[in-house]
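Heads up: the structure comes next, in structure tokens.
The values are calculated or read from the model by the stated rules, or taken from the named source; none is laboratory data. All values derive from a computational prediction rather than experimental measurement. Note that we place each Cβ from the backbone using ideal geometry, even for glycine, and neighbour counts take in every protein chain shown. The protein model used for the area step is the full one, side chains on, heavy atoms only, and it has no ligands, DNA or RNA in it. Shrake-Rupley method; radii C 1.70, N 1.55, O 1.52, S 1.80 Å.
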Amino acid sequence: MYIESSYQSANDTAVLESAVVPSTSSKPRQTVCLSFWYHMYGQHVDKLNVFRMTGQTLPSAPVWTKQGTQGNQWRRALIGFTSSSPFRVSLS
């Protein structure tokens, strides 16, 4: 997913949602891991949030967030999820 932040309008948002992830109850450590790379560099960079959604709306608080410029390099994020019910992951 890519969004150009230099020429963005106020409150522009890109959202990427996963397919439904099954409950983690049957996993050996009852956890699944999301791994992704992000590049957030420049004066117009706002924030990147990751949410765990169990319904149709985003929760009020993300499970992971980065805000502002993070340097001119790609960085890796690893986020563990535990859930007794199916869920989706949303990046925005």
Scanning the range 51-85 residue by residue, those part of a loop (DSSP other than H, G, I, E, B), within 21 Å of Ser35 (Cβ to Cβ) and at pLDDT below 95 turn out to be Thr82, Ser83
Note on the range 58-92: residues closer than 18 Å to Asn11 by Cα and open to solvent by 90 Å² or more (accessible area, probe 1.4 Å) are Ser60, Gln67
Out of the residues in the range 9-53 that are open to solvent by 90 Å² or more (accessible area, probe 1.4 Å) and under 18 Å from Thr69 (Cβ atoms), which is farthest from the chain's Cα centre (by Cα)?
Gln43
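Condition check ((1) among the basic types (Lys, Arg); (2) over 16 Å from Ser92 (Cα atoms)) across all residues:
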site: Val20; (1), (2): no, yes
site: Ser23; (1), (2): no, yes
site: Gln30; (1), (2): no, yes
site: Leu34; (1), (2): no, no
site: Asp46; (1), (2): no, no
site: Met53; (1), (2): no, no
site: Lys66; (1), (2): yes, no
site: Gly80; (1), (2): no, yes
Residues that are acidic (Asp, Glu) and either without any contact (Cβ under 8 Å) to a residue 12 or more places away in the chain or out of contact with any strand residue (DSSP E or B) (no Cβ under 8 Å at 6 or more places or on another chain) (or both), drawn from the range 1-32:
Glu4, Asp12
Note down all Cβ pairs under 8 Å where the first residue falls in the range 60-81 and is at positive phi, the second is assigned to a loop (DSSP other than H, G, I, E, B) and open to solvent by 100 Å² or more (accessible area, probe 1.4 Å), and they're at least six residues apart or on different chains.
Gly71/Tyr41
